[in-house]
Amino acid sequence: MKTFLQPLQGLAEIEEIEKQAKKNHGILEVSGCIESQKAHLMYGLSGLFPSHLVIAADEKTAKDLYEDYRFYDKRVYYYPAKDLLFFQADIHGNLLIRQRMQVIRALLERQEEITVVTSIDGCMDYLLPLEKIEKQLIHFRNDSSLDMDKLTAALVHMGYERVGQVEMPGQFSIRGGIIDIYSLTEENPWRIELWGDEIDSIRSFDAQSQRSLENLDEIMIYPAAEQPIEKGGVTFIDYFKDGDSMLFLDELNHLEENAKAVEEEFQQSCRNRQEKGETTLSGNWMCSWEELCKKLNRRNCIGLSLLDPRKSGWKITGQFNLTVKSMNSYQSSFELLVKDLKQYKKEDYRIVLLSGSRTRAERLAKDLQDEGLSAFYGKDSDRILEPGEIMVAYGHARKGFEYPMVKFAVITETDIFGKEQKKRKKKKEYNGKRIQDFSELSIGDFVVHEKHGLGIYRGIEKVAVDKVAKDYIKIEYRNGSNLYILATQLDALQKYSGAETAKPPKLNRLGGQEWKKTKSKVKGAVRNIARELVELYAVRQEKEGYVCGPDTVWQREFEEMFPYEETEDQLSAIEDTKRDMESTKIMDRLVCGDVGYGKTEVALRAAFKAVQESRQVVYLVPTTILAQQIYNTFIQRMKEFPVRVDLLCRFRTPAQQKKTIEDLKKRAGRYCRRYAPCTFKGCRIQKFRTSDH
């Protein structure tokens, strides 16, 4: 990353900051910092110490900083804050604990530099010291001995749940001489096979197929739960040893405001629960802002702010001001961009243009060369730029920035096209009856359990199992039988879809055969449908369909502009779809997945491939609202390519609908969606289904 680091060495302030930071105890305040430039400066100063902690005011800012920093260093980790008010009812499973435990593992096992980004509330809960966590770890090697009873007790104490078959992180199972453990820090579970009391083999395996993946010589088992610690514990800041670490504080004023707000909310909740006689929340679980501020003032910290912060309780040991400018927004105007780049060239600026697409980066570099600029597409991030050079590179950052004093600037696609091109985390949403929050349930609601059938939700009860108290969901069945399931397994329940009917439904009997018979009838109906489909597909197999060509440059560019990180299943579905389109068989592929799992992107890429063959595409949806939403998505994704996107639904006037239908009859290479019959020329149809429709 010398391309980005070398210009910083030309700033006189950086030299002085580095000099003072080596022996600093307090906060070196650097003002004048803006957005993505903060991550650039942090990375530029990260070489002073092997470990770094970046603290932001809130979760959103922390995630933005994390994404910006990842461009410079892929070894960065994100440490999420734990909600102390509702830690016992973590309905989203152990994802948060898993993320936190992966950071703890990285800190314990680190052999090189490490950077962690968190929010201020991630530093306010008391934790076990790293040394005590390390003593809890269970280490096994091949040929070592194993005490089954001790291991079971240890795993339960560490928060693991014993089940019949492991399916998700935080579970373990014992079947004779076979022990399966799904550690929170691993992508796949482990299987330990015993020969008497000795370990015969250790290997990882796939939780769904149960197939072995890799033989292992040794494993280290980390805890699957975090227990709240009273005063006397340590904070996350204490995990970074004084003397070999540096703390970066983003916007000191905002840090203080948010920390005080978090503390006030927590203390108020404690008081409210005490008034009700509840003892599930202790005011001693959270470190006060006053104490946390003292900890920070004793550490080696660098504060980055836009404006000079209020002094308040901060121990400012040095103040610096950098001259940094934000980039202009070109709003897709190539002419304005070229004009500014030519002016930068006259002033001997070194410029880096970041593009979210490698194909687009190569083409942009060529277009700039045609305009007489010294531009090139660069893959070597260690190349030191010469004055007047423009390097076009692949990468993501929220916004560009400029250092006028050293004549260095970074321009991103956000600045050029007026939209963010950073990798964003997918948001999982549910539109059906699936329950995502306890607020959706009221005592007395009818619910359906996937294995036991229809029952009545009777609330949450705390139950102690093996001396560990956990929250359980209570479901009542016929004849007064009750089923208790962990609060973390809320996804096993669905709301009864016929709850609004006047006649109350008949409850299933726990352990009875009625629910199994109902499911068997459904399976029988599915078999009949399958038989009909087989007959239909046998006829289709005898005919040939249109054969599309291989991916073009435009196709690659279009796919590289996808602002998310594709999942393995998504990539597999895309490749299968393209293979169908390039084959002689009639395409009729069904892509199944829940809402928010990326089916629309599969359709987008298939549609784009089809229109490049001068084919029309139709996207059928069940509702008008969904038609408008998907129309907006296609417009946004295809607006930079010569593809026309139309909408047919009641949101369009009769005249607009008539024109669209007439154009469909005459022309090819169009894209349309609606849910009523229409005549299409050279049309390709692909089916996409969600699991709850």
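The values are calculated or read from the model by the stated rules, or taken from the named source; none is laboratory data. Since the structure is predicted, the reported quantities are computational estimates derived from the model, not experimental observations. Positions of Cβ are backbone-derived with ideal geometry, glycine not excepted, and every protein chain shown enters the neighbour counts.
Of all residues in segment 135-157, those that are under 18 Å from ARG100 (Cβ atoms) and modelled with pLDDT of 90 or more total 1.
Going residue by residue through segment 591-599, is there one that turns out to be among the aliphatic types (A, V, I, L, M), surrounded by 14 or more Cβ atoms within 10 Å (Cβ to Cβ) and more than 20 Å from the chain's Cα centre (by Cα)? I'd like the intermediate steps shown before the answer.
Of all residues in segment 591-599, those among the aliphatic types (A, V, I, L, M) come to 591, 595.
Narrowing further to those that are surrounded by 14 or more Cβ atoms within 10 Å (Cβ to Cβ): 591, 595.
Checking the rest, the ones that are also more than 20 Å from the chain's Cα centre (by Cα) come to 591.
Yes, some residue in segment 591-599 is among the aliphatic types (A, V, I, L, M), surrounded by 14 or more Cβ atoms within 10 Å (Cβ to Cβ) and more than 20 Å from the chain's Cα centre (by Cα).
Residue-by-condition table, conditions (1) crowded, with 19+ Cβ neighbours inside 10 Å; (2) polar (S, T, N, Q):
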residue	(1), (2)
CYS301	yes, no
LEU307	no, no
ARG310	no, no
THR317	no, yes
LYS325	no, no
GLN331	no, yes
LEU354	yes, no
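If you check ARG360, ARG350, which single one turns out to be touching a residue at least 60 places away in the same chain (Cβ under 8 Å) and either aromatic (Phe, Trp, Tyr) or touching a Leu at 6+ places or on another chain (Cβ under 6 Å) (or both)?
Values: ARG360 fails: either aromatic (Phe, Trp, Tyr) or touching a Leu at 6+ places or on another chain (Cβ under 6 Å) (or both).
Testing whether each residue is touching a residue at least 60 places away in the same chain (Cβ under 8 Å) and either aromatic (Phe, Trp, Tyr) or touching a Leu at 6+ places or on another chain (Cβ under 6 Å) (or both) leaves just ARG350.
Beta carbons closer than 7 Å, at least 6 apart along the sequence or on distinct chains, never pair a first residue in segment 254-269 that is not assigned by TED's automatic domain parsing to the domain that holds LYS82 with a second that is in a helix (DSSP H, G or I).
Specify which of the listed residues (ASP149, ASP143) is over 30 Å from LYS38 (Cα atoms), assigned to a loop (DSSP other than H, G, I, E, B), over 30 Å from the mean Cα position of the chain (by Cα) and assigned by TED's automatic domain parsing to the domain that holds LEU216. Walk me through it before giving the result.
Numbers: ASP149 fails: assigned to a loop (DSSP other than H, G, I, E, B).
Answer to the selection: ASP143.
Out of ILE178, ILE174, ILE192, one residue alone is surrounded by 20 or more Cβ atoms within 10 Å (Cβ to Cβ) and modelled with pLDDT of 90 or more. It is ILE192. THR235 meets all of the listed conditions (1) of a type in the set (S, T, N, Q); (2) touching a Cys at 6+ places or on another chain (Cβ under 8 Å); (3) surrounded by fewer than 12 Cβ atoms within 10 Å (Cβ to Cβ) but one, namely (3).
Counting residues that are more than 30 Å from ARG175 (Cα to Cα), which strands (runs of 3 or more DSSP E) fully inside segment 189-307 reach at least 1?
The qualifying strands (runs of 3 or more DSSP E) are 245-250, 300-305.
Each residue in segment 623-659 was checked for being closer than 15 Å to PHE608 by Cα and hydrophobic (A, V, I, L, M, F, W, C), and 7 of them qualify. Residue pairs whose Cβ atoms lie under 9 Å apart, sitting 6 or more positions apart in sequence or on different chains, and linking a residue in segment 132-153 that is surrounded by fewer than 13 Cβ atoms within 10 Å (Cβ to Cβ) and of a type in the set (Phe, Trp, Tyr) to a partner that is assigned to a helix (DSSP H, G or I) and at pLDDT 90 or above, do not occur here.
Where in segment 1-89 are there helices (runs of 4 or more DSSP H), lying fully within it, with 1 or more residues that are among the hydroxyl-bearing types (Ser, Thr, Tyr) and touching a residue at least 40 places away in the same chain (Cβ under 8 Å)?
Values: elements: 2-5, 12-21, 35-45, 59-72.
Correct list: 2-5, 35-45, 59-72.
For ALA261, are the conditions met, namely being crowded, with 17+ Cβ neighbours inside 10 Å and small (Gly, Ala, Ser)?
Numbers: crowded, with 17+ Cβ neighbours inside 10 Å: no; small (Gly, Ala, Ser): yes.
When the stated conditions are applied, ALA261 does not pass them.
Comparison of TYR537, TYR546, TYR564 shows that the only residue that is among the aromatic types (Phe, Trp, Tyr), under 27 Å from THR633 (Cβ atoms) and modelled with pLDDT under 80 is TYR564. Of the numbered criteria (1) out of contact with any strand residue (DSSP E or B) (no Cβ under 7 Å at 6 or more places or on another chain); (2) of a type in the set (S, T, N, Q); (3) within 30 Å of TYR564 (Cα to Cα), the one SER355 fails is (1).
Looking at (1) assigned to a loop (DSSP other than H, G, I, E, B); (2) touching a residue at least 12 places away in the same chain (Cβ under 8 Å); (3) out of contact with any Phe, Trp or Tyr (no Cβ under 9 Å at 6 or more places or on another chain), can you tell me which one GLY511 breaks? The one condition GLY511 does not meet is (3). Is it the case that ILE229 is within 29 Å of SER119 (Cα to Cα) and modelled with pLDDT under 90? So ILE229 passes the test. The residue that is nearest to GLU265 (Cα to Cα), counting only those in segment 283-323 that are modelled with pLDDT of 90 or more and polar (S, T, N, Q), is ASN297. Pairing residues of segment 286-315 that are assigned by TED's automatic domain parsing to the domain that holds GLU265 and within 19 Å of ASN24 (Cα to Cα) with residues that are surrounded by 17 or more Cβ atoms within 10 Å (Cβ to Cβ) and basic (Lys, Arg), at Cβ distances under 8 Å and at least 6 apart in sequence or on separate chains, gives LEU304/LYS38.
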